[in-house]
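First comes the structure, then the notes that go with it.
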């Protein structure tokens with residue numbers, strides 16, 4: 001197995017076990033992350049996000065595969081998270097395409113892509129179906145996620161930037 005493939009496998013194996021420290025060990029100290037729910041996060045925010053998601057996970061399972069090394073730096077992977085969304089108690093099956101840039105055996109950039117409208121339909125039911133496509137609802141979801149992350153960081157003593 002190539003070193004970058006090993007790192008990605010270690011990251012998702014740790015995630016399967018809700019081991020945010022193991023996930024963090026696969027990231028460079030200056031990791032940059034983005035996804036449709038949280039937007040663009042710096043290193044402290046990224047580490048706190050995974051800790052928050054792992055420690056609050058309910059009915060969680062994860063599968064991953066199709067790791068593709070595009071060159072010596074860039075890779076993609078497919079992963080599926082199944083969980084109960086805590087805000088509504090609804091089950092979510094989120095199919096995600098990860099795009100990663102690696103250097104010296106660590107992930108330095110990580111972007112997860114998935115259709116936010118599909119996620120809102122699952123997470124919120126009828127309101128997600130009716131309004132999940134709108135920029136208003138999508139912006140509100142991102143704002144609430146960022147506020148929840150900020151509160152988590154404050155409660156856990158993370159340095160805020």
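Where a number appears in this text, it was derived from the coordinates with a stated rule and is not lab data. Only a predicted model underlies this, so the values are computations on that prediction, with no experimental measurement involved. In this analysis, Cβ positions are derived from the backbone assuming ideal geometry, glycine residues included, and neighbour counts consider all displayed protein chains.
Given the DSSP H assignment, sum -39500 (n - 2.57) over each helix run of at least 4 residues in the chain and divide by its residue total; what's the result at 222 nm in deg cm²/dmol, nearest 500?
-13500 deg cm²/dmol
Principal-axis analysis of the Cα atoms of the chain puts helix 135-156 at an angle of about 60° to the longest axis. In percent, what relative contact order does the stretch 17-106 have, based on Cα pairs under 8 Å that are 6 or more apart in sequence? Value for the stretch 17-106: 22 percent.
Three principal axis extents of the stretch 3-114 based on alpha-carbon atoms, in descending order, are 41, 28, 23 Å. In angstrom, the C-alpha Rg and Dmax of the stretch 37-82 are 13.4, 36. Going from the fewest other Cβ atoms within 10 Å to the most, the residues 79, 133 appear in the order 133, 79. Taking N as the residue count of the stretch 57-129, its C-alpha radius of gyration divided by 2.2 N^0.38 Å amounts to 1.30.
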